[in-house]
Amino acid sequence: MTDRKERIEALNRAVAERILVLDGAMGTMIQGYELDEAGYRGKRFADLKQEVRGNNDLLNLSQAKIIGEIYGTYLEAGADIIATNTFNSNEPSQSDYSLEDLVPELNREGARLAREAADAATERDPSRPRWVAGAIGPTNRTASISPDVNNPGFRNTSFEALREAYGVAARGLIEGGVDIILVETIFDTLTAKAALFAVEELFDEMGERLPIMVSCTITDLSGRNLSGQTPEAFWNSIRHVRPFSVGLNCAFGAEQLRPYVAELARVADTNVCAYPNAGLPNEFGEYDEQPETTSGFLHEWAESGLVNILGGCCGTTPAHISAIAEAVKGLPPREIPTLPVRLRLSGLEPFELSA
């Protein structure tokens, strides 16, 4: 299927029939290649004055073969949806490397490489189409929290600046051929709203609407994101965009994340997606949880009717994704609830007017 409209229609059919599998960690796989500074630069950027090691998104341009291999490996492991290597392909994040001008190209090429890998997998097995989600990360800025503990009113960005940056990133992803927009690892709801606003503006301009996946990050055992919202309050804040899915990723392993996924599953009248880390990091910042452990937790989530889409975040590998795909094979997806029409608002906590 080369037509995006056809692919989206197939996506909607598939998610209603089975639990879909998202891919695992891109950064974890890149680390396995042990690239040095020259490796990150490649031939094209050999003469850059600034250091770029650690800028994983630059590899879309300097080491396209590696990124394509990683996409392909996750597809072979059983991923239905692969996320583009564009988590930091935005102006605020790339400004750390003085590479802001590359943002449109980073997104287009990240999406193009993923599109090629997904289409090749679909061609090998037309009965199982694969999809590409354009990953939009949270940037290194926050619209609602001061980075200066001595000045609570200070902000290092604005809603308008974020809106513009996200619009540029999303345009590149769509031009590169993604099927889905994935606004992920959200720690600040206002920053996420800037991203969603920019994406909706772009849809209006294009006259075409893609499915939107929205994924929040719970930052500690208080069960809130960094800007203080509970999962239900977060859902009330963003449900107006009618997302294809809402969910949680990063920060926790599956064992710690479960109650918050269950909270979203109870209140969200859309698909629920979750992709936890491979447990919690050890003292060296590495992830030790084995694929059978992660997949065991997610098997229980599926049996309990909590999820429609599952995958892995930090520390997860193709082995984790393969184990997850096998663990949920044949299990039905969560039934999307029909909720009564009520006024639902949010601050840090949700508010529902029940008459």
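Structure notes:
- Only one residue of C313, V199, P291 has its Cα farthest out toward the positive end of the dipole of the chain, where Lys and Arg carry +1 and Asp and Glu -1 on Cβ, and that residue is V199.
- Shown in residue order for region 295-302 are the 3J(HN,Hα) couplings computed by the Karplus curve 6.51 cos²θ - 1.76 cosθ + 1.60 at θ = phi - 60°: 5, x, 4, 6, 4, 5, 4, 5 Hz (x for Gly and Pro).
- Straight-line reach from K43: taking Cα to Cα under 21 Å and skipping same-chain neighbours fewer than 8 places apart, the lysines in range are K65.
- Shape analysis of region 228-314 places it in the prolate category; the axes a ≥ b ≥ c from the Cα gyration tensor give an a/c of at least 1.5, with a/b above b/c.
- For I186, distant residues with modelled amide H under 5 Å away: S215, C216, T217
- Using Cβ point charges alone (K and R +1, D and E -1), the dipole size of region 275-355 about the Cα centre works out to roughly 520 debye.
- Of the chymotrypsin sites (Phe, Trp or Tyr not before Pro) in region 255-338, the ones in a loop by DSSP (not H, G, I, E or B) with at most 11 other beta carbons within 10 Å are F284.
- Given the chain, longest segment not containing exposed loop GluC sites (Glu not before Pro) (DSSP; at most 11 other Cβ within 10 Å): 52-282
- Rounded to the nearest 20, the Cβ-based charge dipole of the chain about its Cα centre (Lys and Arg +1, Asp and Glu -1) stands at 680 debye.
- Neighbours of Y275, meaning other residues whose beta-carbon lies under 14 angstrom from its beta-carbon, give a summed charge of -3 when Lys and Arg score +1 and Asp and Glu score -1.
- Backbone phi angles across region 167-174, fed through the Karplus curve with coefficients 6.51, -1.76 and 1.60 (θ = phi - 60°), yield HN-Hα couplings of x, 4, 5, 5, 4, x, 4, 5 Hz in residue order; Gly and Pro are listed as x.
- Top of P147, P129, P318 by mean-square fluctuation, Gaussian network on the chain, Cα under 10 Å: P147
- Residues with amide H under 5 Å from that of W131, placed H, sequence gap 5 or more: I81, I82
- In sequence order, region 103-117 has phi-based couplings of 3, x, 5, 4, 6, 4, 6, x, 5, 4, 4, 5, 4, 4, 5 Hz under the Karplus curve 6.51 cos²θ - 1.76 cosθ + 1.60, θ = phi - 60°, and Gly or Pro positions carry x.
- Restricting region 101-200 to chymotrypsin sites (Phe, Trp or Tyr not before Pro) in coil, as DSSP defines it, with at most 13 other Cβ within 10 Å: F154
- Listed by chain and number, the aspartates and glutamates placed with their C-alpha closer than 13 angstrom to that of K329 are E17, D80, E300, E303; residues fewer than eight positions away on the same chain are left out.
- A DSSP coil position with no more than 16 other Cβ atoms inside 10 Å describes the following trypsin sites (Lys or Arg not before Pro) in region 245-352: K329, R342.
- Neighbour net charge for A120 - beta-carbon separation under 11 angstrom, K R +1, D E -1: -2
Readers should treat all values here as calculations from the given coordinates under stated rules, not as data from a laboratory. Computed from a prediction, not measured in an experiment: that's the story for all the values here. Using ideal geometry, Cβ is built from the backbone for each residue, glycine included, and neighbour counts are taken over all protein chains shown.
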